[in-house]
Amino acid sequence: MKLLPTLVPALAMLPFAALAAPATYDAELSGFAYPHPVEHFTFTSQGQPLQMAYMDVKPAKPNGQTVMLMHGKNFCGATWEQTITTLSDAGYRVVVPDQIGFCKSSKPQHYQFSFQQLAANTHALLEKLNVQKLTVMGHSMGGMLSTRYALMYPQQVEQLVLVNPIGLEDWKALGVPYPGIDAAYQGELKTDADSIRAYQRSTYYANHWKPEYDRWVNMQAGMYAGPDKQKVAWDQALTTDMVFTQPVVYEFPHLKMPTLLLIGGKDNTAIGKALAPAELKPKLGRYEELGKRTAAAIPQSTLVEFPELGHSPQIQDPAAFHQALMKWLSTPHNGA
């Protein structure tokens, strides 16, 4: 079939992305561009060789300090790109790992996922990079992992920053039924761009949407649509089980370092909420309350709230987010 001559110039003016099919990615997210060069840390864990992808961004004018950024469950190191730029411009060295089971890192099909294990893996990476003291910053699931890391390595972690962390309440203890790994896997297999976009709109961005958010939808959806869909979905099911069964909420009082909480008040994240009894659902994931409760539990905490933002304030309003972050980082704290 030939294109009508009058249509050819119009098609030529369309961006390439409008003509191309949506991208698909393999289990290591090959082909998806990260904002800085990606390196790989090879190590053995639980009897198998693994590779942890990471970015190690060195500033033009170092201030002698390092910040490590921990991604969330539906995120990758790349989603920190604006935060990396802000920190690097201020002189910080920025280390950004992709955790095992996620993004550009290995997807083991038989692995005992725990926050302790992921923290130990990450600690081994930092030893390789000769990072002795640092600020640890985690978003979403990365907030749970950052909390565990700070509890395991308190002499190394000078400061802790938690961005809409999950695990601020124990869903199973509150009455959310255990989903099980097999059921979670079947649910993951149904994930596509439409379901990801709908969830992100309502939860990450408080029912607001900008075209640039589609990049993160396509990043995640491309792995579910790719040739390794089953591997990706299986590890996502395993890590959902980790998040659901390993709450950190009870351990916040044990954190010894100064801690900043950056909380989007419109967030409503709660793992397993869809399975919860009808009377329980409205009580879960209320970050306008959870942020205050968590700040009260952490001995040296500072709470900054963004009442109109959702689960991803660093993406939804980067200017306000980074202003608050950099102000806190530039203020001396006891013990830091």
Residue list for the stretch 244-253, restricted to those being in contact (Cβ under 8 Å) with a residue 60 or more places away in the chain, within 15 Å of residue 162 (Cβ to Cβ) and in a helix (DSSP H, G or I): 249, 251, 252
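Please report, ordered by residue number, the strands (runs of 3 or more DSSP E) entirely within the stretch 83-185 with at least 2 residues that are over 27 Å from residue 309 (Cα atoms). Can you show your working first?
On the way: elements: 93-97, 134-139, 157-163.
Passing ranges, in order: 157-163.
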Residue, surrounded by the most Cβ atoms within 10 Å (Cβ to Cβ), within the stretch 160-182, restricted to residues that are at negative phi and out of contact with any Leu (no Cβ under 9 Å at 6 or more places or on another chain): 166
Qualifying residues in the stretch 273-294 (those that are of a type outside the set (D, E, K, R) and open to solvent by 20 Å² or more (accessible area, probe 1.4 Å)) - the one nearest to residue 216 (Cα to Cα): 274
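Scan 321, 252, 244 and give me the residue that is touching a Pro at 6+ places or on another chain (Cβ under 6 Å) and of a type outside the set (Ser, Thr, Tyr). Even if it seems obvious, please write down each step before you answer.
Working: 252 fails: touching a Pro at 6+ places or on another chain (Cβ under 6 Å); 244 fails: touching a Pro at 6+ places or on another chain (Cβ under 6 Å).
Just a single option satisfies the conditions, and that option is 321.
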First in the stretch 41-55 and farther than 14 Å from residue 129 by Cβ, second anywhere and assigned to a strand (DSSP E or B) and of a type in the set (Phe, Trp, Tyr), Cβ under 9 Å, 6 or more apart: 49/43; 50/41; 50/43; 51/41; 51/43
Cβ-Cβ under 6 Å pairs, at least 6 apart or on other chains, the stretch 254-275 side closer than 15 Å to residue 303 by Cα, far side of a type in the set (A, V, I, L, M, F, W, C) and open to solvent by 10 Å² or more (accessible area, probe 1.4 Å): 258/336; 260/328; 261/295; 261/303; 262/304; 264/306; 264/309
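The values are calculated or read from the model by the stated rules, or taken from the named source; none is laboratory data. Being a predicted model, the structure only gives us computed values, none of them experimental. We place every Cβ from the backbone using ideal geometry, glycine too, and count neighbours over all the protein chains shown. Surface accessibility is based on the protein's heavy atoms, side chains included, excluding ligands, DNA and RNA. Shrake-Rupley method; radii C 1.70, N 1.55, O 1.52, S 1.80 Å.
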